[in-house]
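Please read the structure below before turning to the comments.
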Amino acid sequence: DPGITSLYDFPTNDPTYTAIGGPRFGYRGDIRFLGKLGEGPLPLDRPHQWKVFGNYVFPFAINLGVGASFTSGKPLTSLAANPNPNYQGGGEIPEGPRGSGFQTVDGFRTRTPFLSDVNAHADWTIGAGSRRKLTLTADVFNLLNLQTVLDYDNFTETTFGSPNPNFGLPVSRVVGGPQYQSPLQVRLGVRYSY
């Protein structure tokens, strides 16, 4: 069931909403932040993105290239667990308007940090005959070795009534493991064409 949700059980325009949950009854979050009150940036909104790619082939068969991308962070919204006893999944009920932010280990943030990524490529082709060629290649990823946080755990509860000990840490429930930019990596290769 990809993309399954139980939020249809909480109609955002229902005036009796507080009778089925919400802050008035001690539940965390307010489903109405997804409806009329849900104005704000969407979860993957990245308003600024710049990408630059360049390549140059020298007369002596050396090819050098660089690629750089710069992207603003995505908005952060804390999410509580669903109070419905049939679901109790974490991360369904927003605790504030979209992009209102929350306290992370790096301080209060409304967006993840700005992401910069610079990669480089070099190859040298050696002619070994009329149609035979040997090419030595090198690629460097994350040339500046930046370790930017990519995401923070935004679930305030793992299940209804159970606080999430990882809330605000640079981890994710969607993609397992720490959420940091990959460190500097080098890839070397040899290609023979005939």
Evaluated at q = 0.19, 0.20, 0.21 Å⁻¹: base-10 log I(q)/I(0), Debye formula over Cα of the range 117-186
-0.81, -0.85, -0.88
Please sort by residue number the trypsin sites (Lys or Arg not before Pro) in the range 123-194 whose DSSP state is loop and whose Cβ has at most 11 other Cβ atoms within 10 Å.
Arg131, Arg132
Candidates per chymotrypsin sites (Phe, Trp or Tyr not before Pro) in the range 55-95, loop by DSSP, up to 10 other Cβ within 10 Å:
Phe60
So if the hydrodynamic radius of the range 85-157 is defined as the Kirkwood radius over C-alpha pairs, what does Stokes-Einstein give as its diffusion coefficient at 20 °C and 1.002 mPa s, in µm² per second?
124
What residue among Leu143, Ser78, Ser172 has its Cα farthest toward the positive end of the dipole of the range 48-194, where the charges are +1 on Lys, Arg and -1 on Asp, Glu, each on the Cβ?
Leu143
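No lab work stands behind these numbers, since they all come straight from the coordinates. The structure presented is a predicted model; accordingly, all values stated were derived computationally and were not measured. Glycine gets a Cβ as well: all are built from the backbone with ideal geometry, and neighbour counts include every protein chain shown.
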